[in-house]
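Trainee: Once you've had a glance at the structure underneath, I'll fire off some questions.
Throughout, read-outs are computed from the coordinates displayed, never taken from laboratory work. Because the structure is predicted, anything quoted here is derived from the model rather than measured. Don't worry about glycine lacking a Cβ; one is built from the backbone with ideal geometry, like all the others, and counts go over all protein chains shown.
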Amino acid sequence: MLDWLSHYTGTGIWAFAALFCMLYAVSITVLFATGLTMTALNKRHPDRKIQKRAPTHDALRDIKSSMVQLSITSTCLAIGLYAQMRGWTLFDPFGLSWWSVPVFFVLSLVLHDTWFYWGHRILHTKMFYRFHKPHHMTITPTVWSNDAGSSVDTLFAHSYYALVLFVVPMPPLVFLGHRLFDQVSAAIGHCGYEHFAAPSARKPWPLLCTLYHDQHHQYFVYNYANYFSFWDRLCGTIHPTYDGKVEGFEQLYAGQKQDAAE
């Protein structure tokens, strides 16, 4: 997948620099595309706002911070992909096939969710919280809040992308697909409005909706995971009202559909 890059740039520092620049450009594009899309969607559905309080921070500040932190995330991505391209990983990547794409995509989500959950728990300890505190200054998050924070905070979550390809033979396009999903879903998870509540986002299913991470910002010591609820359920850190509130949003959607039909 990256053969064309080495063809034009070689395999030295220029190849790494070109890879980083492409990944960073895409990340910035996704930041603004997701942010503007969700802002427009939120304006159309003000009744779906999760918290009554208004955001108390400057969106421009979050955007500036996000642009810095996305450069760190892009560096982590570039390290993993460059190492795979150079053959420094333990295994060559699998090719794309009908089975390798879904298997490695789900595997990467599970691995990253585990990495994220335990790294997030560590960031909430007394020793490390000072690195996570800038992100938690936002009690009412917005779609621009996801990547805003400290560099150490970003590394706790996204060093996964620099390391996993050394031991997991993941096709690079699947790896990039996971990262795209991560950035978009995490931005939606900070958007402050619930648009995606469904039975799959509550017990007994493991998927999440926006309310999940919003409650983490509200209550601080609950809902640490990123994509799935199983670690929080297993460790007793899921907020006790989460499942009920998801069902409440489902009922809101049903009422809105009924009103529209009438």
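Trainee: Hey, which of these cross-link pairs are over 23 Å Cα-Cα: LYS203/LYS245; LYS43/LYS257; LYS49/LYS245; LYS126/LYS245?
Mentor: LYS126/LYS245
Trainee: Continuing with this model, one more query. Of ALA54, SER108, THR37, which is farthest on the positive side of the dipole of the chain, counting Cα position, with +1 on Lys and Arg Cβ, -1 on Asp and Glu Cβ, and the Cα centre as origin?
Mentor: Comparing the listed Cα positions along the dipole, ALA54 ranks first.
Trainee: For labels at LEU163 and SER151 in the simple 7 Å Cα→Cβ model, what's the distance in nm?
Mentor: So the label points at LEU163 and SER151 sit 1.9 nm apart.
Trainee: Are there any helices in the chain, counted as whole DSSP H runs, that stretch 30 Å or more along their axis by Cα and score at least -0.5 on average by Kyte-Doolittle, and if so which?
Mentor: Helices meeting the criterion: 13-44, 59-86, 100-123.
Trainee: Taking a ≥ b ≥ c as the square roots of the Cα gyration tensor eigenvalues, with a/c under 1.5 meaning rounded and otherwise prolate when a/b beats b/c, else oblate, which class fits region 127-227?
Mentor: oblate
Trainee: Go through LEU96, VAL26, PHE175 and say which Cα lies farthest out towards the positive end of the charge dipole of region 3-261; charges sit on Cβ, +1 for Lys and Arg, -1 for Asp and Glu.
Mentor: VAL26
Trainee: Moving to a separate point now. Among TYR117, VAL164, PHE128, which residue has its Cα furthest toward the positive end of the charge dipole of region 28-172, with +1 on Lys/Arg Cβ and -1 on Asp/Glu Cβ?
Mentor: Farthest towards the positive end: PHE128.
Trainee: Can you tell me, using C-alpha contacts under 8 Å and at least 6 residues apart, the relative contact order of the chain as a whole percent?
Mentor: Once divided by the residue count of the chain, the mean separation gives 23 percent.
Trainee: At 0.36 nm per residue, minus the direct Cα-Cα distance, what do TRP118 and ILE139 gain on full extension? Give it in nm, one decimal, please.
Mentor: 5.4 nm
Trainee: For the chain, with only Lys/Arg (+1) and Asp/Glu (-1) charged at the beta-carbon, what is the dipole magnitude about the Cα centre, in debye rounded to 20?
Mentor: The dipole magnitude comes to about 560 debye.
Trainee: Would you mind calculating the gained length between ASP58 and THR39 on full extension (0.36 nm times residue separation, minus the Cα-Cα distance), in nm to one decimal?
Mentor: Stretched fully, the ASP58-THR39 segment lengthens by 5.4 nm.
Trainee: Quick one: work out Rg over Rh on the C-alpha atoms of the chain, Rh as Kirkwood radius.
Mentor: My calculation of the ratio gives 0.99.
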